[in-house]
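*Asks:* I have a structure I would like to understand better, so I am pasting it below and will then ask my questions one at a time.
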């Protein structure tokens, strides 16, 4: 019988209350210059960078950043901890593969996007328990997803087209006749996706959606009281996050590894992505890139140090273990000293860093 | 429902609530008229906050009903309460600690958003227009509550009293029909209390918002409210105008030893 | 029927292995409120240390004693460098810190002691034993017995000694315990040392079964469903949870597995935990918390 309060056309009550017009204070967007330069640099990079750097460093760096971005939307912004990121990457990879093989008429980017959508649907499914299970316990759903999906993609040969080795690889990488099977081509493919999806993420994070997500993270009872449909936004976060992870997975399999199997998306990778967002900064867009850069470059750095300081006499296994100790130690250090990650440290150092507006 | 037919916006009918055997609210009934400011007073632990929690759905009553705007409910989900125009502040400042003052207040408008997910994701003009509108209204509220200096500060870093103002802003930006305030002046000095009282009185007068507030400061209660309900151990021991209640022997007995 | 009983009991016995691991978690959770992801790495570390010392020539008891000393030292370090700085943070933060810790411990373990698989011979052969016409694994039976002994020892520790009572006080109400003058840091050190020793026992048994190697540290992930079902705060719960998970997994693999391809033990327990959480969000023995706003 009573109507729900209809949105007033122009908040006349409030205006009368204040009886003066609102001061116009909008955020000045100062980032155009430096950011455009960065993007331009990224686009022009293949002309100067050598092939090794493109395919072994930059491509994985970009894809890991994208994965971090996906996880960050769910864990850093919405506060839903997930340790199953790699599982959703696998969905994207295998779904894209299925489309490439069985519906070859679809152009490559479309297959990748659809792969992402399928990953989003699976992510949504595994997000259903989040209405009932809160906080720390929610981890068990992402663990279930991780191990279940790994099992599915190794157990059922349909997914890898009955190949004997259980691996999937892209039949051919091309868009509109352009062959992308070169380091520059793969880099370009990945870059386009990463730039586009980062732009979308920035939009989301600055909008109602982003705010609602953060409200849920900070205090979900208050979010409901304020009128935010908490469960719906949680599901949305799972879906969007998995969309990003799915695309990252497809790119990882086809633009980086070349061929992949379920093992390429094991729980170690999920932890790696979690580390990216812890180190880079949870609740930040730029942080994902910083964290991914760190994770991509640290092994390289250690290798070089090992080669130079010990004239190549350092065991590769030992280096890996040292790396582990450093990572672990850093995680602990960051959690103690700077829970907002490297991004906060960087922005404290350089206040006017061009990436500032990407950090909320 | 027309106002003439039902002058009461809110009616609490025989509500009871207990926690693990402890009765927080016992068979409580009272009515709140539209546009009035009603204060809920009583010693600590009398069940006032619990009642507010029942009113906007954070707790579910064990027995009894709520009548809101002519409809009867045995329970109202928080989301539903928000949609029906019930705004709320909490004793412990249920703010989004990591978000700025501005962002916190804007979340009060989230239920008014009509822009879809895709429009936001692709920064379509409709999304940007709504964001600008919301931003403008938020600035108005920030101006009204004198919060300009802290607009971009993460709320967790603000003093308690300022946080309370932000929470009020968040509750009022969507122009609620009913405002439930849990100790909106706790931790404030005399000047701040006057300011806060003025804010509340203005909101009530200009927006017509019905207010139910929990308050300990008798001076504020007497000057601000038209209607006072007294609780003690979860039961109602007084209900009437401020002067009625002040002279009620039961109320005086309940307050013995807790004079402010 | 015989096959069902055998499978069930086999599952229960296997479950005691989970229980052993889970007990280590419960100890730490009770005392410091943190789900110690590093328990798995500590398990690996403990087992590796023991095996390495033994291989280097130390006798069985000597290697055991030395390992216990090392574990105590580790507990001291962890309390000082990880727990104390993070004293009042959220559960998730502490969990992530233990995640980092697990990497540190793993890196140190394998860096110092190598990544090869070490076999561990405890003198218990994994031979079938026949009781009442049903077949069991001797090894599983010994593991179950060990768990029983361990639980008894822990129960004695908690109920009969002064330290144990302090531990329980801290678990019940940390602030009240502090106001009684209980040294929280000392309690944490003790608990982590005890958990380390429990981990050593579990690690040795697991190691004897499948070799002391890196994958041992992943056993910790299975502890989560065990603790969800049994609750995080009770040893009895850890045992019940371990048994339930062990039995369900094994039965599911035997009866459900053939229909969907087999090999479902890696994930079945997690779905079980999800189902459980829907019905009992606080676990079988866990405490129900009320959200006070």
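The values are calculated or read from the model by the stated rules, or taken from the named source; none is laboratory data. As the structure is a computational prediction, the values presented were derived from the model and not from experiment. For neighbour counting, all protein chains shown are included, and Cβ atoms are generated from backbone atoms with ideal geometry for every residue, glycine included.
*Asks:* Just checking, does segment B:136-144 include any residue being more than 10 Å from every other protein chain (Cβ to nearest Cβ) and surrounded by fewer than 18 Cβ atoms within 10 Å (Cβ to Cβ)?
*Replies:* no
*Asks:* Another one. Out of curiosity, is residue A:82 part of a helix (DSSP H, G or I) and either within 13 Å of chain C (Cβ to nearest Cβ) or crowded, with 24+ Cβ neighbours inside 10 Å (or both)?
*Replies:* Taking the combined requirement at face value, the residue does not satisfy it.
*Asks:* Sticking with this structure for a sec: Kindly indicate whether any position in segment B:35-50 is in contact with a strand residue (DSSP E or B) (Cβ under 7 Å, 6 or more places away or on another chain) and assigned by TED's automatic domain parsing to the domain that holds residue B:165.
*Replies:* Checking segment B:35-50: not a single residue is in contact with a strand residue (DSSP E or B) (Cβ under 7 Å, 6 or more places away or on another chain) and assigned by TED's automatic domain parsing to the domain that holds residue B:165.
*Asks:* So which residues in segment C:45-96 are in contact with a helix residue (DSSP H, G or I) (Cβ under 8 Å, 6 or more places away or on another chain) and not in a helix (DSSP H, G or I), if there are any at all?
*Replies:* Once the filter is applied, which keeps residues that are in contact with a helix residue (DSSP H, G or I) (Cβ under 8 Å, 6 or more places away or on another chain) and not in a helix (DSSP H, G or I), segment C:45-96 yields C:58, C:84, C:85, C:86, C:89.
*Asks:* Look through segment A:151-169, keep the residues that are more than 30 Å from residue C:229 (Cα to Cα) and crowded, with 23+ Cβ neighbours inside 10 Å, and return whichever of them is nearest to the other protein chains (Cβ to nearest Cβ).
*Replies:* By that ranking, first place goes to A:160.
*Asks:* Oh, and also: May I ask you to verify whether residue C:87 is surrounded by 15 or more Cβ atoms within 10 Å (Cβ to Cβ) and within 14 Å of chain A (Cβ to nearest Cβ)?
*Replies:* Judged against the criteria, residue C:87 is not a match.
*Asks:* So which of B:192, B:206, B:183 ends up being surrounded by fewer than 24 Cβ atoms within 10 Å (Cβ to Cβ) and more than 27 Å from residue B:111 (Cβ to Cβ)?
*Replies:* That would be B:192, the only listed residue that is surrounded by fewer than 24 Cβ atoms within 10 Å (Cβ to Cβ) and more than 27 Å from residue B:111 (Cβ to Cβ).
*Asks:* Hey, another quick one. Do we have residue B:149 as surrounded by fewer than 18 Cβ atoms within 10 Å (Cβ to Cβ), facing chain A (nearest Cβ under 9 Å) and over 19 Å from residue B:203 (Cα atoms) here?
*Replies:* No: the conditions fail for residue B:149.
*Asks:* Give segment A:140-150 a look and list any residue that's in contact (Cβ under 8 Å) with a residue 12 or more places away in the chain, touching a helix residue (DSSP H, G or I) at 6+ places or on another chain (Cβ under 6 Å) and crowded, with 21+ Cβ neighbours inside 10 Å, or say none.
*Replies:* A:141, A:143, A:144, A:145, A:146, A:147, A:149, A:150
*Asks:* It is to be established whether one or more residues within segment A:316-337 are within 14 Å of another protein chain (Cβ to nearest Cβ), modelled with pLDDT under 75 and under 18 Å from residue A:275 (Cβ atoms).
*Replies:* Among the residues of segment A:316-337, not one is within 14 Å of another protein chain (Cβ to nearest Cβ), modelled with pLDDT under 75 and under 18 Å from residue A:275 (Cβ atoms), which makes the answer no.
*Asks:* Related question: Could you tell me whether any residue of segment C:77-84 is surrounded by 15 or more Cβ atoms within 10 Å (Cβ to Cβ) and under 12 Å from residue C:33 (Cβ atoms)?
*Replies:* yes
*Asks:* While we're on this one: Select from segment B:96-114 the residues that are within 7 Å of chain A (Cβ to nearest Cβ) and part of a loop (DSSP other than H, G, I, E, B) and write down the one among them that is surrounded by the fewest Cβ atoms within 10 Å (Cβ to Cβ).
*Replies:* Ranking the qualifying residues of segment B:96-114, first place goes to B:97.
*Asks:* If we keep just the residues of segment A:204-225 that are under 19 Å from residue B:116 (Cβ atoms), within 7 Å of chain B (Cβ to nearest Cβ) and over 18 Å from the mean Cα position of the chain (by Cα), which is surrounded by the fewest Cβ atoms within 10 Å (Cβ to Cβ)?
*Replies:* Of everything passing the filter in segment A:204-225, A:207 is surrounded by the fewest Cβ atoms within 10 Å (Cβ to Cβ).
*Asks:* Right, another one. In a loop (DSSP other than H, G, I, E, B), at pLDDT 80 or above and within 13 Å of another protein chain (Cβ to nearest Cβ), is that true of residue C:241?
*Replies:* No; evaluated as a whole, the condition is false for this residue.
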